[in-house]
Amino acid sequence: MNVQVEALQGDITRLALDAIVNAANPTLLGGGGVDGAIHRAAGPRLLAECRTLGGCETGQARITGGYDLPARHVIHTVGPVWRGGGHGEPELLAGCYRSSLRLAAEHGLASIAFPAISCGVYGYPPAAAAAVALAAIEAFRAEPGSVRRIALVCFERTLLEIYTRALADREPRA
């Protein structure tokens, strides 16, 4: 499938795409980092809808409306807390991307933006997280579906450099 994948620096809450992904906590009721920023930008109706969902397991995803965001939807996913890499963290993180992309495809969405899931307070090493993200995205690209654009949005320049390098390393060589 022809899917454009790009890394960019910016504020995910300002993107006018079909969906943005929220690196949520298991309650889905808001928190710090990107989770708090998305809840603040979306307004109180997002929290009201999240209250009806009953939370979310690590590696899974749920979809809501975007409310006051430019994005039409928010896909909430719960990334793993880094505990050294030997506790299933890569599989759980890959599940975040697979579940989010599956929801986007099920809802006929064409564009989606991901933050650097688990790279903030959850402590996942960014280079390892980028490798997991891109492997999951690459596997998804082989499946037919509606998603045509995937943005990996990095708030900080350092993260952007890591994700850009990881993306370049996965590109086929001529």
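The values are calculated or read from the model by the stated rules, or taken from the named source; none is laboratory data. Treat the numbers as computed from the prediction; the structure is a model and nothing was measured. Methodologically, a virtual Cβ is constructed for each residue, glycine included, from the backbone with ideal geometry; neighbour enumeration extends over all protein chains shown. What goes into the accessible areas is simple: the full protein's heavy atoms, side chains included, and nothing from ligands, DNA or RNA. Shrake-Rupley method; radii C 1.70, N 1.55, O 1.52, S 1.80 Å.
Remark: the Ala139-Leu29 segment gains 36.6 nm on full extension, using 0.36 nm per residue and subtracting the alpha carbon distance. Counting only GluC sites (Glu not before Pro) that DSSP places in a loop and that have at most 16 other Cβ atoms within 10 Å, the longest clean stretch of the chain runs over 58-155. Think of a 1.4 Å ball rolled over the protein heavy atoms: the chain then has 47 Å² of accessible area per residue. Computing FRET efficiency as 1/(1 + (r/R0)^6) for Ala16 and Val81, where r is the C-beta to C-beta distance and R0 is 45 Å, gives about 0.90. With all protein chains in place and a 1.4 Å probe, the accessible surface of region 37-168 carries 55 percent carbon and sulfur.
With all pairs of separate Cα atoms included, region 19-75 yields a Kirkwood hydrodynamic radius of 10.9 Å. 7 Å from Cα along Cα→Cβ at both His107 and Gln9: what's the point-to-point distance in nm? Going by the 7 Å Cα→Cβ label model, 3.0 nm.
Full extension of the segment from Arg72 to Arg157, taken as 0.36 nm per residue of separation minus the current Cα-Cα distance, would add 28.0 nm. Other residues whose C-beta falls under 13 angstrom from the C-beta of Arg98 contribute a net charge of -2, scoring Lys and Arg +1 and Asp and Glu -1.
Treating each Cα of the chain as one equal point scatterer and applying the Debye formula with no solvent, the log10 of I(q)/I(0) at q = 0.17 Å⁻¹ comes out as -1.00. Centroid-to-centroid, using Cα positions, region 11-50 and region 109-174 are 19 Å apart.
Each Lys or Arg adds one and each Asp or Glu takes one away; over the other residues whose Cβ falls under 13 Å from the Cβ of Ile112, this sums to +3. Computed over the alpha-carbon atoms, region 92-174 gives an Rg to Rh ratio of 0.96, Rh here being the Kirkwood radius from the mean inverse distance.
Of the trypsin sites (Lys or Arg not before Pro) found in region 43-124, those that fall in a DSSP loop while having at most 16 other beta-carbon atoms within 10 Å are Arg72, Arg83.
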